[in-house]
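Readers should treat all values here as calculations from the given coordinates under stated rules, not as data from a laboratory. Since the structure is predicted, the reported quantities are computational estimates derived from the model, not experimental observations. Methodologically, a virtual Cβ is constructed for each residue, glycine included, from the backbone with ideal geometry; neighbour enumeration extends over all protein chains shown.
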Amino acid sequence: MLNGIHGHQDIERVVYGKPAGAALRAEAERLGAKRVFITTTKSVAQSALLADVIRDLGDRYAGVYASITAHSPRPCVIEGAALAREAKADLIVAVGGGSAIDATKVMLIALWQNATRIEDLDLYRAGKPKEGAAPPAEAIKPPADAIRMLAVPTTLSAAEFNAFAGITDPRHGIKESFGHRLVVTRPPKPQGLGIIEAEAVAIVPAQPAFSRKGLESRLVEQHAAGKDIGLDEI
């Protein structure tokens, strides 16, 4: 039987029950963001949800990167960060599931550290786990005006509640952890990762079906890594 202590991340706020586009516009105004860059996947990019978000952001919309693929590969992180940099973004919004949100977290790190190649990310991988949690790389040094993110989750992955991200390295076929407390929150100022649970949930399958798919995905990953686990351990 699993046991332990869970310390929930200090998420600043969760907005729910409002249209995602309108909620994002309000958050951008509250934060003073004038160049809002969107990150997402090809499937979400074709949805009414994203069209509404872009429309409601209006003159604060600065562009979109819609090529994030499953398991958040490093090339997607670098490509997205490059486009956000080119757009002079001052806020990034991830619209999608765990892959989009995790990739965006590490785009922040790439922007903070001016990482422009997948090899540049090697320095910022999380270190050896200590006391049950992988510490963020000490090399990550966010600037005083570090760009931050918001998330509009469209699945039940809960990536928006975690300060770490799983990123795939295609060179070695492995998934690695990256993390820093500022990808989730910035306690002194109201510019942490906010979560907008709004009309986005309308495109999520029924919870039992998705939960089963999420479970199957994790079991397959564990099996592929040679770490078979019993159901009583989940």
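Using modelled amide H (1.01 Å from N, peptide plane; none on Pro or chain starts), what sits under 5 Å from the amide H of SER72, excluding residues fewer than 5 places away?
Correct list: empty.
Taking the highest mean first, how do the peptides 85-95, 26-36, 104-114 order by number of other beta carbon atoms within 10 angstrom per residue?
Highest mean packing first, the order is 104-114, 85-95, 26-36.
Considering the Cα positions of segment 99-175, please state its Rg to one decimal place and its Dmax as a whole number of Å.
12.9, 35
List the residues whose amide H sits under 5 Å from the amide H of GLY96, counting only those 5 or more places along or on another chain, with H placed 1.01 Å from N in the peptide plane.
VAL152, THR154
Looking only at segment 14-152, where both bridge partners belong to it, what percent of the DSSP beta bridges are antiparallel (to the nearest 5)?
Within segment 14-152, antiparallel bridges account for around 10 percent of the total.
What is the packing order of peptides 15-24, 51-60, taking the mean over residues of other C-beta atoms within 10 Å and listing the highest first?
Ranking the peptides 15-24, 51-60 by packing returns 15-24, 51-60.
Using modelled backbone amide H atoms (1.01 Å from N, in-plane), which distant-in-sequence or interchain residues come within less than 5 Å of GLY63's amide H?
For GLY63, the qualifying residues are ILE38.
Could you run the Karplus curve 6.51 cos²θ - 1.76 cosθ + 1.60 with θ = phi - 60° over segment 105-121 and give me ³J(HN,Hα) per residue in whole Hz, x for Gly and Pro?
3J(HN,Hα) across segment 105-121, in whole Hz: 4, 7, 4, 4, 4, 4, 6, 4, 9, 6, 7, 10, 10, 4, 5, 5, 6.
Beta carbons within 10 angstrom, averaged per residue: use that to sort the peptides 72-78, 135-141, highest first. Mind showing how you got there, number by number?
Values: 72-78: 22.9, 135-141: 15.3.
Packing proxy ranking, top to bottom: 72-78, 135-141.
Please work out how much length the chain gains when fully extended from ALA158 to ARG55, using 0.36 nm per residue of separation minus the C-alpha to C-alpha distance, in nm with one decimal. It would help to have the intermediate numbers written out before the result.
Numbers: separation 103, 0.36 × 103 = 37.08 nm, distance 2.61 nm.
Length difference between fully extended and current span is 34.5 nm.
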